[in-house]
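Chemist: First the structure, then my questions, so here it is.
What follows draws every value from the coordinates through simple rules; no lab data is involved. The shown structure was predicted, so the numbers you read here are calculated from the model rather than taken from an experiment. So basically every Cβ, Gly included, is an ideal-geometry build from the backbone, and we count neighbours across all protein chains shown.
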Amino acid sequence: MYREAQKSYVIHNYYDLIRALKENPEWLEELRKLILTHDLLELPKKFEEFLEKEFRPLKSDVETLKKDVETLKSDVETLKKDVEILKRDVGVLKVDVANLKGDNFERKVRERAPAFFGKHFKKVKVIPIEEWADKLDETQEAGIISSEERKEALNLDLLIRCKRWEDTEEILLAVEASYTADDKDAVRALKRAEIFFKVYQIKTIPVVIAKELSPFLEEKYPEVLFIRVEAE
């Protein structure tokens with residue numbers, strides 16, 4: 001039997017003890033001191049100190065890591081943009097190189113037309129662009145060709161006057177010169193040859209001359225004469 005402040009408790013079982021401790025919290029604290037050692041009583045406090053000591057630097061490191069990750073993400077985004085710019089620049093460079101190769105090839109064909117076309121034709125002569133441009137103007141004014149046909153024909157690479165080896169009839173060659181020939185070159189040659197036939201009233205053969213030429217083009221466009229120039 002326990003007595004305190006004129007109140008006593010009769011402890012018959014565990015539940016009586018629990019009720020007494022709940023009603024008298026100071027008893028519970030005294031009981032702890034009896035049961036637990038000093039070190040165990042200090043353990044919660046020490047644990048809190050441990051957490052404060054060990055995890056505060058860790059939180060700081062995590063914050064630093066997060067900032068580093070954000071910086072890395074920003075750098076990656078910048079790198080991606082730089083790569084996209086580089087890809088565009090390389091694409092432009094490829095186009096420029098292709099155009100340069102094409103322009104240089106067209107110039108060689110114009111300058112050495114008898115050599116390039118002499119295997120197929122004789123008396124090969126390149127008609128100056130000023131001459132056939134004037135002819136296009138005259139035929140448009142006469143209503144023989146439309147303004148759209150005139151614009152299309154003005155983009156022809158070369159117009160050549162020549163003869164076949166087997167006869168004396170004079171013909172024209174509407175020539176598209178391309179380092180690497182494709183369908184567009186064949187279609188242009190066909191379309192422009194038709195216009196020059198209207199203009200000169202002379203048989204005009206569509207011609208595509210190239211260094212790189214797919215054999216499928218010859219099968220696809222039998223009306224076009226394809227000439228492959230061997231590498232020099």
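Chemist: Show the residues, 5+ positions off or on another chain, whose built amide H is closer than 5 Å to the amide H of Thr204.
Modeler: Sorted by chain and number, the residues that satisfy this are Leu172.
Chemist: Which FRET efficiency value, to the nearest 0.05, is calculated for Ser8 and Ile35 with the Förster distance at 25 angstrom and r the Cβ-Cβ distance?
Modeler: That gives a FRET efficiency of 0.60.
Chemist: So, one more: Which order do the peptides 204-212, 128-136, 24-32 come out in when sorted by mean C-beta neighbours inside 10 angstrom, highest first?
Modeler: 204-212, 128-136, 24-32
Chemist: Students often get this wrong, so check it: of Lys151/Lys184; Lys33/Lys53; Lys119/Lys211; Lys151/Lys220; Lys45/Lys67; Lys108/Lys135, which have C-alpha atoms separated by over 23 Å?
Modeler: Beyond 23 Å: Lys33/Lys53; Lys151/Lys220; Lys45/Lys67; Lys108/Lys135.
Chemist: Also, quick follow-up: What is the extension gain from Lys73 to Ile202, computed as 0.36 nm multiplied by their sequence separation minus the C-alpha to C-alpha distance, in nm to one decimal?
Modeler: 39.6 nm
Chemist: Using mean Cβ contacts within 10 Å as the protection proxy, how do 9-17, 218-226 order, highest first?
Modeler: 218-226, 9-17
Chemist: Separate question: Can you check what the net charge comes to around Glu223, using other residues whose Cβ is under 15 Å from the Cβ of Glu223 (Lys, Arg +1; Asp, Glu -1)?
Modeler: -1
Chemist: OK, next. What does the highest-first list of 111-120, 163-172, 62-71 look like by mean Cβ count within 10 Å?
Modeler: Packing order, densest peptide first, comes out as 111-120, 163-172, 62-71.
Chemist: Restricting to Cα atoms and excluding each atom paired with itself, what does the Kirkwood estimate give for segment 112-228 in Å?
Modeler: Radius from the Kirkwood sum: 14.4 Å.
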